Structure formats: structure tokens, C-alpha cells
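Q: First the structure, then my questions, so here it is.
The values are calculated or read from the model by the stated rules, or taken from the named source; none is laboratory data. Quantities reported herein were computed from a predicted structural model and do not represent experimental measurements. All Cβ positions, glycine included, derive from the backbone under ideal geometry; neighbour counts span all protein chains shown.
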Amino acid sequence: MTIPAEPSRPAADMAGDMAAQPGRDEQIALAHQRSASYGLRPYESPDFCPVLQSELKTRIERSQSLFTYALPVMETLYDQIVNTQSMVILTDADGLILHSLGDDDFLARADKVALRAGADWSEASRGTNAIGTALAENRATLVHGADHFLEANQFLTCSCMTILDPYGKTVGALDVTGDQRGFHKHTMALVRMSAQMIENQLFGNAFRDMVCIRFHSRAEFLGTLVEGIVSFTPGGRFLSSNRSGQFQLGMSNTALQAHTFSSLFGMPMSLLFDAVRGAPAGIVQLQLPSGVKVSARVEWKSSATSMPGSVAAPAGTPDAIAAPRRLCTAPARPEGLADLDTGDAQIRTVIGKLRKVIGKDIPVMVLGETGTGKELMARAIHADSPRHAGPFIAVNCASIPENLIESELFGYEEGAFTGARKKGGIGKMLLANGGTLFLDEIGDMPLHLQGRLLRALQERAVQPLGSSKVIQVDVLVVCATNRNLREMVAGGQFREDLYYRLNGLVVRLPALRERSDLDVVAAKLLRQDQGQAAGEPPRIRDSVMELFRRYHWPGNMRQLGNLLRTARLMAEGEAEITEDHLPDDFLDDLRERQEHAATPGSQPSAAFPVGQPGAQPTRLAEVEALAIVAAVKAHHGNISAAAKALGISRNTVYRKMEEARGLPQPPG
């Protein structure tokens, strides 16, 4: 496998403008030559015939591991680019789009060039484009505007990175596509970081029963995306290494196949275990073949009965290897409700309500905007409940394709459908047996599955697809949504009986802009992102905190966390985070909103709510909702135009219009 130049640089070094990458012009020219050789012509219309749903389902099943690990990463990536006229795309190794997330208004434009699930975006089908060209050359690729071979695609700018499996084989691609007028130089860095995150998760899953060594020349980078990972059998035979590991070792996976642990690190495996046993926090010092010294953490979780952080040796393993029983530090205690109390009165009220029902098997429904921490709250409920020793299983009903939700939730027998894995699949509801099942975005569950979910909850039993067996389950259900379920019930989009089965206790999490503890939350997120890295995280300069207080945070805590993660990497080695460390798109958005707010006659936006300092959040929410209603009226009912003028999503406009019902309406 060819190793791309510096594949695992620190994120701060990867944020350069890909347009200035040496050789990019030659790359695009060669891609255009290949496109012409396929018989394509620049003026041709794109192919609008995606594969059949049955074929798409089969292709997703073939890429099940990639699909499973990519979805949450895609959501995180989308949270960082939300409201930027963009979308996040996952493809298989052939360039077939498996899944996408994006802004509603841009998705409509993208659909005009068949940027949707089931469409083929290989070079042979679409000519030069970031997905097809990246897969053709197996490297990060930016295709901007007129770089596209087909004229119909030249309104796009696309940043794509291939995804490798643990053995170096290309299994797919991750892409961010947007309007070419909104190009941001940080996008490629975000895509590369996200692709690397998926690869590391695929790697960890593939070698979970083997000896994995995580290493880096700087100890503070252990546990981050840029750490090297190399895997060996318990006897020391080399298995594989991730991109960063190959880069640091100075060899490709092919060359590393000739090595053992001893030949690479100059000691037998038994001595490594002895060293780890007496090392502080389980971190040892190793020397690479190049002579560079690295800090390393050793993991070996070879038994299903092993406790987290412990080592279990397979039968027949020599005592010298099996001797150390704890090579890794114990995992951090899961956060409970008390850990989420950071000083905001609204959050404290929610926690007080939840404490009264914990342990009584009353279903909980958590409402709130996207990114307000609904899953974090659900995990805290689980951590404080008598079920805390059982599993916590999360299912995002919005991120799983509709044709896979049923099998994902209830499981399936072998042969239940085309492409089903041998021996079938265990459903998430059964995996949660004895613990907590978190159904996120429950409002997006297809109507035809809601009846089956209701029956499973009432009977406390599931029947996998294609099976005649009924399996008893015992789960606590916590649901979350940012949609108005009552309105959906009235409109026939959500079953009334399921609604009343799920909303035993309903709590609402405030939006980040409504909270009084922004400084505490930001500091906590920085500490969490720092993890076990050496030293304290940088402090946030007061002027930056003032910018944060004036911002509307459409992505809420998730957006703040992602922004702080980028800023911390940009501020590496410095004592505080300043304006210079903030992403350009955040500063541009804030600047545009300030200019809009300063324009005479402009409508108030969520970034600058009307009211006196210290006004109650309820009052601010009312003013915000009425301002949005006024904006919709000013644009003659055009939701998209109003959303664009206010700088928010169409979904937020709809939600705020619902909240404004019953309030005194603005004139006009």
C-alpha cells in the first residue's frame, strides 16, 4: 500500500488550503483525460438513475462495518458544517452513495445532479469529481467549481478522503460537498480527520482480541486521531498498522509483514508486558527502528469475559506472556446526573425531576434542539439507575436508512433478506436486555414500524425478522426528539398509543444560547477533549467567551464541542484560545449576523434575542419565535427565504412557528 505524504499530521497542520497542494493541477488534468477516455462529454446531463432500493440495501449490507462506524462520525462532521449549503456523503469503494446528510435547501439542489443515496459517482459515471477521483487515485482530493468534468456539476465544491480497512484496502470514501461559492479552507482538514476516525474505529474492531499498541512520539497525542496503532498476535507476529502507525514506523503494511514485535521494537513481547506492569498509568517508552522514542499504551482484550482495562490470555498462552493482568488504565466512570449540573437553573430542574423517577421503570422522553445533549442526559439516567451494570444501547432513528431500521432494532435470522449476514444479526433491543435502550430522533421512525415497537414494549418481547422465535427482553426506554410529537399525532404521522406509551416523564433541555453556564460548559468540554493528554487545556480568553455569548449556537453543545476541539488543536502549545484559533466559518457567521443586526429595520435573529440582560429564557424564546414568524410574513410565507435571511435551518423555522402559536402575533 502506498502511504500518502504525512497522512497523520496533527490536525492543526492539516488545515491548509488544498487548492495550493503541489501537483493538484496535474491531478485534475489527468482526471479529465480519464473522463474523456470513458466517452463522457462535458455538456452531458448527469445520469439520474440510481440503483434499485433492493440493490442499495445489499450494498449497504456488504459495507456494514463501514456503514455502522461512519454514521456517528458523519453526524459529528455535519454538525460542524451545518447551515453552510453543504452535505456529508458516504460511498462504498465503487463510488456508490450509501448515505448522506445535509442542509434541506442544499439537498434539493444536490438532487438535481443526482447527489443522493443509490447514485454512482465514480469517474466512469460522473467524470472528474472529488469522490470518483479520490477513489481512482486513493488520496485526498479537492475538486472545486470548474475542476468538475461535467458542466452540470460545476456549481459544486467537493472535499473527499478515501477510507481504508485495517489491511489497507479501500472500502469507501467520505466527502463534503457544497456550493462552490461557500468554499472553506478548513473543510478538507475536517474530512481527513473524520475519515481517520472511521479508520481507527474499524481497526480497533478488527483486532479487538489481539495485542494493540497505541503510540506517538508525544505522549499528549495518545488517545487522539494522530496516534499510531499497530497490532500483533500474542506471540508477537505483526498483523497490521493504521496510517499514522505506518508513517511513524516509516514502512507500509506490506513491508511491515516481514517484521515481528521484537524486530520492530527490540524486545520480546514478555518484556513489554513486564514493563507495562510497573509503568505509571500503563504507559511505557519504546524505540522505533528509526531510533525515535515513543510513548505507548498496550491493550489486549482477548476474552468476552474480560473486564474493561484488563488483559485475558487465550488458552495455551505461555505464562511469561499471560502474567500481567492489567495493562490499561481503568475507564472513566460514566457521568451521572450530578456531573451534568453545571450551574444552570433549567438543567438543575430537569435533573430534579429525573431523580424522582429513576429506578421506577418509567419511560423518559427528552425534548430539545439538535445538539443540546439529549444522549448525554440519557446516559446519565442509565448511569444513576439500578441498571447501570447493564448495557446502554443507542439507536438514532433518523440516521439509519428506513429499509434497515426494522432489522437494526429487532434483529434478523440468516436469509431473512438479500445480503443478510450468515448467522443473522442481533437487534439493538435485544442487545439492550437488562439495561437501557435510547431511541434518539424517535419522531423519524417510519409509521409502519411504530406499531411493532409498541407491541414489543408492551409484551417485553421481540421477534427477529425471518424467525418464529419470540425472545423476552427487559429494557428501560429513553426517547429523544427535536420534533413536536403532539402535532405529528394530530397529523397522523405518529401513533397516539405509542406516544402515550413513551412519554411517562417528559423533560426539555434548553438550547445552549438559553443557558446561564456557558463558561462552565465550555471549560468542561475542553477538559474532556484534553482527555489524558499531559498538561492543562488552554483557557479561553475573555474576549472569545464574549463572542460565544453573542452567538446563537444552532448546533448547541455539539457545535461548541467541535469548535473547541478545533480551537484547542490550533492553539497547541499556547496558554489560551484566542480569536486567531477560531474557525473562519464561525467568525464569518458571527460577523454576518452582527452586520444584519446593525441594519435598520432588520428582523431580530436567534443570535441577538431582544430583551434585557438577565431576562428569563422563556421570554427570550417567545421573542425569538415571534421574530421568526414576522420574518416569514415579511417573505410572504416563503420558509426557505426566511430561514436564509435569519441564518437558521428550515426545520428551526417550522419549530419556532409552532412555538409561537397562541402568542400575540406581530402585525402584518
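Q: Pull up the range 143-170, narrow it to residues that are charged (D, E, K, R) and over 18 Å from Asp94 (Cα atoms), then point me to the one that is surrounded by the fewest Cβ atoms within 10 Å (Cβ to Cβ).
A: Within the range 143-170, the first condition is being charged (D, E, K, R), and the residues that meet it are 147, 151, 165, 169.
Restricting the remaining residues to those that are over 18 Å from Asp94 (Cα atoms) gives 147, 151.
Working: Asp147: 26, Glu151: 14.
Taking the candidates together, the pick is Glu151.
Q: Can you find, within the range 118-130, the residue that is surrounded by the fewest Cβ atoms within 10 Å (Cβ to Cβ) among those that are of a type in the set (A, V, I, L, M) and farther than 15 Å from Arg192 by Cβ? Outline the logic, then answer.
A: Let us first name the residues in the range 118-130 that are of a type in the set (A, V, I, L, M), namely 119, 124, 130.
Going one step further and asking which of them are farther than 15 Å from Arg192 by Cβ, we end up with 119, 124.
On the way: Ala119: 25, Ala124: 16.
Among them, the one singled out is Ala124.
Q: For the range 396-413, give me each residue that is modelled with pLDDT under 80 and in a loop (DSSP other than H, G, I, E, B).
A: Ala398, Ser399, Ile400, Pro401, Glu413
Q: If a residue has to be hydrophobic (A, V, I, L, M, F, W, C), over 24 Å from the mean Cα position of the chain (by Cα) and over 16 Å from Lys428 (Cα atoms) to count, how many in the range 461-516 make the cut?
A: Initially, the range 461-516 is screened for residues hydrophobic (A, V, I, L, M, F, W, C), giving 461-462, 465, 470-471, 473, 475-480, 485, 488-490, 494, 498, 502, 505-507, 509, 511-512.
Now narrow it down to the ones that are over 24 Å from the mean Cα position of the chain (by Cα): 461-462, 465, 470-471, 473, 475-476, 485, 488-490, 494, 498, 502, 505-507.
With over 16 Å from Lys428 (Cα atoms) added as a condition, the list becomes 485, 488-490, 494, 498, 502, 505-507.
Of the residues in that region, 10 qualify.
Q: Is it the case that some residue within the range 536-549 is modelled with pLDDT under 80, out of contact with any Asp or Glu (no Cβ under 7 Å at 6 or more places or on another chain) and either outside the structural domain of Ala296 (by TED's automatic domain parsing) or surrounded by fewer than 19 Cβ atoms within 10 Å (Cβ to Cβ) (or both)?
A: We begin by selecting, within the range 536-549, every residue modelled with pLDDT under 80; these are 536.
Subset that is out of contact with any Asp or Glu (no Cβ under 7 Å at 6 or more places or on another chain): 536.
From what's left, either outside the structural domain of Ala296 (by TED's automatic domain parsing) or surrounded by fewer than 19 Cβ atoms within 10 Å (Cβ to Cβ) (or both): 536.
Yes, the range 536-549 contains at least one residue that is modelled with pLDDT under 80, out of contact with any Asp or Glu (no Cβ under 7 Å at 6 or more places or on another chain) and either outside the structural domain of Ala296 (by TED's automatic domain parsing) or surrounded by fewer than 19 Cβ atoms within 10 Å (Cβ to Cβ) (or both).
Q: Same structure, new question: Got a sec? Which of Leu264, Leu340 is surrounded by 14 or more Cβ atoms within 10 Å (Cβ to Cβ), over 27 Å from Pro386 (Cα atoms) and modelled with pLDDT of 75 or more?
A: Details: Leu340 fails: over 27 Å from Pro386 (Cα atoms).
Among Leu264, Leu340, only Leu264 is surrounded by 14 or more Cβ atoms within 10 Å (Cβ to Cβ), over 27 Å from Pro386 (Cα atoms) and modelled with pLDDT of 75 or more.
Q: Hey, another quick one. Within the range 260-281, how many residues are assigned to a loop (DSSP other than H, G, I, E, B) and within 35 Å of the chain's Cα centre (by Cα)?
A: Within the range 260-281, residues that are assigned to a loop (DSSP other than H, G, I, E, B) and within 35 Å of the chain's Cα centre (by Cα) number 1.
Q: Identify, from the list His144, His148, the residue that is under 29 Å from Arg558 (Cβ atoms) and modelled with pLDDT of 90 or more. It would help to see each step written out before you state the result.
A: Numbers: His148 fails: under 29 Å from Arg558 (Cβ atoms).
Sole residue among the options that is under 29 Å from Arg558 (Cβ atoms) and modelled with pLDDT of 90 or more: His144.
Q: Please count how many residues of the range 564-573 are surrounded by 13 or more Cβ atoms within 10 Å (Cβ to Cβ) and out of contact with any Leu (no Cβ under 7 Å at 6 or more places or on another chain). It would help to see each step written out before you state the result.
A: Applying the first criterion (surrounded by 13 or more Cβ atoms within 10 Å (Cβ to Cβ)) to the range 564-573 yields 564-572.
Now drop any that are not out of contact with any Leu (no Cβ under 7 Å at 6 or more places or on another chain), which leaves 565-566, 569-572.
Qualifying residue count for the region: 6.
Q: When Ala140 is evaluated against the numbered criteria (1) among the hydrophobic types (A, V, I, L, M, F, W, C); (2) crowded, with 24+ Cβ neighbours inside 10 Å; (3) under 26 Å from Asn253 (Cα atoms), which criterion, by number, is the only one it fails?
A: Against the list (1) among the hydrophobic types (A, V, I, L, M, F, W, C); (2) crowded, with 24+ Cβ neighbours inside 10 Å; (3) under 26 Å from Asn253 (Cα atoms), Ala140 comes up short only on (2).
Q: Residues of the range 205-247 being out of contact with any Gly (no Cβ under 6 Å at 6 or more places or on another chain), surrounded by 23 or more Cβ atoms within 10 Å (Cβ to Cβ) and in a helix (DSSP H, G or I), which ones?
A: Within the range 205-247, Arg243, Gln246 meet the criteria.
Q: Continuing with the same structure: Out of curiosity, is Ala383 buried (at least 21 other Cβ atoms within 10 Å of the Cβ) and not in a loop (DSSP other than H, G, I, E, B)?
A: Values: buried (at least 21 other Cβ atoms within 10 Å of the Cβ): no; not in a loop (DSSP other than H, G, I, E, B): yes.
Judged against the criteria, Ala383 is not a match.
Q: Working only within the range 497-522, note down all residues that are of a type in the set (A, V, I, L, M), outside any strand (DSSP E or B) and either touching a strand residue (DSSP E or B) at 6+ places or on another chain (Cβ under 7 Å) or at positive phi (or both).
A: First, pick out the residues of the range 497-522 that are of a type in the set (A, V, I, L, M): 498, 502, 505-507, 509, 511-512, 518, 520-522.
From what's left, outside any strand (DSSP E or B): 498, 502, 509, 511-512, 518, 520-522.
Answer for the range 497-522, where residues must be of a type in the set (A, V, I, L, M), outside any strand (DSSP E or B) and either touching a strand residue (DSSP E or B) at 6+ places or on another chain (Cβ under 7 Å) or at positive phi (or both): Leu502, Leu509, Ala522.
Q: Before we move on, is Glu592 in a loop (DSSP other than H, G, I, E, B), over 23 Å from Asp339 (Cβ atoms) and modelled with pLDDT under 90?
A: Details: in a loop (DSSP other than H, G, I, E, B): no; over 23 Å from Asp339 (Cβ atoms): yes; modelled with pLDDT under 90: yes.
Criteria not met by Glu592.
Q: Output the residues belonging to the range 441-457 that are small (Gly, Ala, Ser) and surrounded by 13 or more Cβ atoms within 10 Å (Cβ to Cβ). Break it down stepwise before answering.
A: First pass over the range 441-457, keeping only residues small (Gly, Ala, Ser): 443, 451, 456.
Hits for the range 441-457 are Gly443, Ala456.
Q: While we're on this one: Test of understanding: among Thr177, Thr141, which residue is in the same structural domain as Asp79 (by TED's automatic domain parsing), in contact with a Cys (Cβ under 8 Å, 6 or more places away or on another chain) and closer than 30 Å to Tyr654 by Cα? Steps first, answer last, please.
A: Working: Thr141 fails: closer than 30 Å to Tyr654 by Cα.
Selected residue: Thr177, the only one of Thr177, Thr141 that is in the same structural domain as Asp79 (by TED's automatic domain parsing), in contact with a Cys (Cβ under 8 Å, 6 or more places away or on another chain) and closer than 30 Å to Tyr654 by Cα.
Q: What are the residues in the range 99-113 that are part of a strand (DSSP E or B) and buried (at least 22 other Cβ atoms within 10 Å of the Cβ), if any? Before the answer, list the steps.
A: If we filter the range 99-113 for residues that are part of a strand (DSSP E or B), which is where we start, we get 99-102.
Correct list: Gly102 only.
Q: Given the criterion hydroxyl-bearing (Ser, Thr, Tyr), over 30 Å from Glu220 (Cα atoms) and at pLDDT below 80, identify the matching residue among Ser45, Ser35.
A: Details: Ser35 fails: at pLDDT below 80.
The conditions single out Ser45.
Q: A follow-up question, please. Report, by residue number, each residue of the range 171-198 that is charged (D, E, K, R) and crowded, with 21+ Cβ neighbours inside 10 Å.
A: Selection gives Asp175, Arg192.
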